[in-house]
């Protein structure tokens, strides 16, 4: 059996932790398993590399940022391979390029296009433990390309799909909780969660898993185990809806502080103008969600959308472009907001959830800016000073 393990930055933050993981991997290998390991950069290495670039300029070139950030994972794979070899295990480290991971898209936020797993399979046949740099691949130009925050999760699930392997994600938490325990101490750990629910929670801001990783798991039928590094197997399994034992109305609540709200006002809100705005946003690689517009045929209309705080520089460029194209337009960027989202398969057939949410808001005098809903989620943008309190009150209301 092939098992793909993934270890996050906190799990490999020190050489002592790397040695502990090497010992554990050796045990897994000795149980007659073929082992592939995907690792992140050590601790805060990626953050520190980004900080170095921004000490030089406020707008570093994204191709060079990919080159810079990819070095973090390359450091970890080499150290883990050295650790395994020092313990007497045959191991080899591979960069994303060497592992055959091809990507496409924008630098710093590429997507995996394909993986040629033959080299990895060859090393496994030789009895090696294969360690792959997460978060990275190579684009059609031969340049190093990174997959964005949480990209190592995506690397691991994609490799598991190609290798027809089990996928186990190890981190510093012992599973997925209904809400971040730091926000709501009475949060409950979830034993099983559907791909759709986890994807929605991840997309809406829950930090435990990356939404693209879960999307790949669903597409290729890869069950994903999430648990604590070197801990007991009492974590969370992400699986198909059909394998869920029960269906709660609300499974989880996420609080996303990495959010900006953008109001675009005084513009004729005809389709051609809205298209022109979003075309420019796509060209700048801005990740937009929660679009709201009241009147689609107004000469002095307005609409709003949300996007990550990390897109601020690109948003400012977008604002400059739009002001040249539409002379009276106003673009207001509000960074003082938080997105609180409720997710659950049970929302599909339950019509009273919205009433309960707004009852909580009304009783506690919490105002909101935007609301967006899907079949399994409701997302609400509130002032940042009320974000965590709103999440706590809603967790209590729905007993999660």
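Here the peptides 2-8, 149-155 are ranked by packing, the mean other Cβ count within 10 Å, and the order with the highest first is 149-155, 2-8. Say each of residue 61 and residue 24 gets a label point 7 Å from the Cα, pointing the same way as Cα to Cβ; how far apart are those two points in nm? Inter-label distance under the simple model: 4.0 nm. Mean separation of Cα pairs under 8 Å and 6 or more residues apart, divided by the residue count, gives the chain a relative contact order of 14 percent. Short-range pairs are left out: with C-alpha atoms under 8 Å and at least six residues apart, the relative contact order of region 2-172 is 31 percent. Measuring nothing but alpha carbons in region 2-172 and taking Rh as the Kirkwood radius, the Rg to Rh ratio lands at 0.97. Here the sum of -39500 (n - 2.57) over DSSP H runs of 4 or more residues, divided by the residues of the chain, equals -11500 deg cm²/dmol at 222 nm, to the nearest 500.
Quotient of the Cα radius of gyration of the chain and 2.2 N^0.38 Å, N being its number of residues: 1.04. What is the distance in Å between the Cα centres of region 263-313 and region 42-78? For region 263-313 versus region 42-78, the Cα centre distance is 31 Å.
Gain on full extension, evaluated as 0.36 nm per residue between residue 232 and residue 292 minus their Cα-Cα distance, stands at 17.1 nm. A straight line joining the Cα centroids of region 102-140 and region 24-41 runs 17 Å.
Since every read-out is calculated from the coordinates, none of them should be taken as a lab result. The structure presented is a predicted model; accordingly, all values stated were derived computationally and were not measured. Please note: Cβ atoms are built from the backbone with ideal geometry, for glycine as well, and neighbour counts cover all protein chains shown.
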